[in-house]
Each structure stands twice: as C-alpha cells, then as structure tokens.
1. To make sure I understand the rule: partners must be lysines, Cα under 30 Å from the Cα of residue A:157, and not fewer than 8 residues away in the same chain. Which ones qualify?
2. Could you tell me, in Å, what Rg and Dmax come out for the Cα atoms of segment A:62-152?
3. D for chain B, whole µm²/s, Stokes-Einstein with Kirkwood Rh over alpha-carbon pairs at 4 °C and 1.567 mPa s: what number?
4. List the residues of segment B:143-176 that lose 20 Å² or more of accessible area once all protein chains are present, compared with their chain alone (1.4 Å probe, heavy atoms only, no ligands or nucleic acids).
5. Please list A:71, B:162 from largest to smallest accessible area, probe radius 1.4 Å, with all protein chains kept in place.
6. Carbon-plus-sulfur fraction of the accessible area of segment B:4-289, 1.4 Å probe, in percent?
7. Compute the signed sum of charges (Lys and Arg +1, Asp and Glu -1) over the other residues within less than 15 Å, Cβ to Cβ, of residue B:180.
8. Can you pull the one-decimal nm distance between simple spin-label points at residue B:193 and residue B:102, each 7 Å off the Cα toward Cβ?
Amino acid sequence: MKNTLRELRVRMAHAGFALTFCLSPVGAHAGEIHALVRDKTGKGVVDAVVVALPANRSAGNAGGASATIIVDQVNKEFIPYVLPVQVGTAVNFPNKDNIRHHVYSFSPAKNFELPLYMGTPASPVLFDKPGAVVLGCNIHDWMIAYVYVSDSPYFAKTGADGKANLTELPPGDYTLRAWHPRLAGKEEATERKVAVSRTGAVEATWDIGLTPEFRIRRAPIPGQRGY
Amino acid sequence: MTVWKWVLPFVWGLHALDASAGWLDEVGLELRFDDNLTRAQLDRDIKSDTALVVSAAAGTGYQLTDNGRLSLTLTLSGSAYQRYEGLNNLNAGLELAYRWKFGLGPYVPELRLSGSATRLDYRDAPRDGWLYLGEIAIAKRLSDRSGIRMSYRVEQRESDTVADRLRPAIAADVFDLTSQNLSFGGDYAIHPEYVFSAAYTIRDGDIVSTTRRNLPVFLASSAIAADPVFGSGRFAYKMKAITRSLSLGVSRVVGGQASFTLGYEYLDSRAKGGIDYEANLVRATYLYQF
Ligand SMILES: [Cu+2]
C-alpha cells in the first residue's frame, strides 16, 4: 500500500502538467475558438495560421515558447512547410541530410543567414518581430518554408481539413486573423472581432482567396541538368 | 531484338542503384522520333526512326564555398532504335562542372563551366569514338515562374577508326566532327504544374548527311564513307553547315521530384551549294531527380 502510494506520487510528479490540465477542464476557466479556413471552392485549406489577438494585451503573456522548436531539413525539403511561433521564440534548423544546406531569409520580420552547414547550427535563430518569414536554401532553390511569427500567444495551424482549434483562451474580446503563404490580399483584411466566454466555443470560418502556387520546381526539365 | 540484351540489364542496374545509392542524381527514359535521321535533303534518302533512350547520371558535388560548387558526374545512356539497329549505342561520360552563384537567393545569376568526355559505343563500329564538350553557360531565374539561360558550347567528336577511302584523294573521316553552338533559352510556368520551355540554337560545324550517290552533296562534302547502317549503296557525307534549331517543350511535374515532358525540335541545316535539310524531332521524356 505504501509502495503504491509512493508510486502514484512519483507518477503525479512526472505527469504534473497533464494532471493540472485534467483537474481544470477546458470550458471552466478558458474559452475555445474552432476555426475553419476554406478556399473559394469550399475546400479546407491546410497550413493556414489562425491568430487570436486579445483586446486586453496583458492577457497576451500566457504560453511562451520554452521548448526547442525546429524546422528540419530532410531530403532537401524544409519540414514543416509552415511553422507558427510566438514573438521571442528561438528556432533551430537541424540538417538531417548528409549534404550541406545554406538557410537564409530576406524577410523584414527576420533577415538572417546560416551559411553552409551540416548537423545542427550552434545557436538557434531568434524570431523577435511579428510577421511572415520566408525561408530559402541557397544550394537548393526549390526549398521553401515559412515561419509565421505571431505577436499573440494564441494561434494554431490548420490541418488537411482546414480546421484549427485555439484553446486555453482567457475570456474576453479578441481580434482574429487568418494567414496563409498564398493568401490573396492582406492579412488585415481577414480580421474579425469575437468575444470568448468562459464556457463554450466560438466558431469562426474564413473563405479566403489563394494565389496559384508557383514554386520554383525541383522536378527536372530535359536538357537543363546541372542548373 | 538483340538490343534488349543490354538495355534490360541496364534498366535493372539503374533499379538496383536506386535502392542503394544516395549519389544517383537523375534517371531518365525517353522515346524519341526523328523524321530525318539521315539528315538528308531528298525524299528518297530521308529515313525516320524511333529510339528508346535510357539514361542515368550519378556523381558527387563539392560545395567549395558559399557560392561555388564543383561537381563530378558520371553519365550513362543507352539508345535502342526500332529500325536502324546499327545506330543502337551505349555511352558513358564523365563531366566536371563548376557552378558559381552570384549571391544569395534564387534570383541571382549563375555561371556554369563544364567539360566532359563521353565514350560512344555503337552497334555500327565506325561510329565508335569519343565526344568532348566544353561549355560556358549563364542562367538567371526571373521569378518563381520564369527563367532564362544562354550557353556557348564547343563539341569535338573523334572516331576510333577511319573507314577505307573510296578514292585516294577523298578523306573518309566522316565521324570526326567539330562544332560551336550558341544557345538561348527560357522557361515559363503556365500552370503550377506545367512549365513551357523554349530554346533557340545556332550551330556552326560539321554535319553528316547519309544519301545515295549525290553530286551536289559530294561537291559540298569534305569526307565520304560507305554507311551501311541505312542500307547498301548509302554514303555518309561530312560537310560544314549552319544549323538552326528551335525546341519547344511542355513539362509536367510528377510527384515533386519527377517530370514528364513532351518536346518538339525543328532543325534546319544549310551547307554550301544549296544543300539543306530539315528535321523534326518529337520526344516524350520521363526524368526523375534524386
Ligand atoms: Cu539546401
């Protein structure tokens, strides 16, 4: 009996976060936003980022990224294609390939360069300004990915069904936005105001216009090998 | 068709390499139709044929600096013709290339210098030899939809043996050829999955035209040898010509790393003495890049 109790205490200590979470079920003290991003044909849009900006900015301190966040390079591609992070997050760019990559960005939100490297760079890149950051590789021109830097801790990325859930939201007024790498028009144009209460979930749906996806292609063109 | 004796093992070999090696760059399969394989002027001499071409490129690259890359590539290709089996060939080449990117990002210009030596092994032994290429090319991507490039290339082909002279005073080295090629090209994505490409090339150098005995061709030629590949009583004539070619293609992405391309090429060669020929080539190409 004693042993069982100790074991339980150890397990509780290990599972501290999950336990706290279970004791305060979602809905009792926090609201949710169920977002759906669709294209003009009504199909769910994957890799869209939905952000909730609290009207009361002091509510925007929750979360914070302490865990190591990474953008991998695997088989000459970035993974994931879209990574949403909060302002102040450091991101690592480990290279899992056995060839060197040269990661860079010209974006105003973060202009940086990780010259030719293999393995994991010594220090991560700090994303300290909000905005979309386009990543490229100078060796493989087709490699592209986006880090979306949010100035709110409340954001989520849509899955293949176009759905994303924002949870643990303190009750209050929020401005919602949807962003996508191929969003036609400005992100601000997607803004809408919602009130999140302690209980229940707010549904938010966007039908966004997408520009055609003209990416530099990896697939070869006959007679152009070596370019 | 005995040609499959070596085409099939070759394809199998590629398959095996695919599974084990990370150094394989590209494999390809092409069906090519040429409506004037003989590069002949008169209808009676014009022969057309279709070839199946299997190719592979493997190699290593050395990123010497942030902008400079040296690569050594081994290329292998095999062609099997439907009718003119004497043209069946197996080629193996080694290319050394240096690519320089003028800065950071996909839109900076690139310079590429390359040299290669390729062993040519034909069913028809007189065509065996070596092909040497030297090229300087510049390319620039204009947007995520379009790019342009320009290249200058010198080619030299040297055959292992020279056929017996038909007349003591007439050279017979019909497959020893040199040429200079200037090419301009571009591509444009007409759809996220389809790229249209076009290239215009001017070639100044030796061509080989295979015909029956032909006085005007004889007068324009610098070497003559019997060419039984296209039948008895056929002769290969080497002559200097200006060849202009326009090639057009539409290439579709297949699963990210591969493409299927339909291409058309028009060739127009003009030699002195009013000797000229036209040829039309149609290609269906599958390429997979690792
Ligand atoms: Cu790369």
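The values are calculated or read from the model by the stated rules, or taken from the named source; none is laboratory data. Computed from a predicted model, the values in this text were never measured in an experiment. Note that each Cβ is placed from the backbone with ideal geometry, even for glycine, and that neighbours are counted across all protein chains shown. Surface areas here come from the heavy atoms of the whole protein model, side chains and all, with no ligands, DNA or RNA. Shrake-Rupley method; radii C 1.70, N 1.55, O 1.52, S 1.80 Å.
1. A:40, A:43, A:76, A:96, A:110, A:129, A:186, A:193
2. 12.3, 39
3. Values: Rh = 20.6 Å.
D, rounded to a whole number, is 63 µm²/s.
4. By number: B:144, B:145, B:149.
5. On the way: A:71 0, B:162 80 Å².
Sorted descending by solvent-accessible area, the residues read B:162, A:71.
6. Working: 8420 of 13710 Å².
Result for segment B:4-289: 61 percent of the exposed heavy-atom area is carbon or sulfur.
7. Numbers: positive: B:153, B:157, B:203, B:240, B:244; negative: B:135, B:155, B:204, B:206.
Surrounding charge for residue B:180 is +1.
8. A separation of 3.6 nm, rounded to one decimal place.
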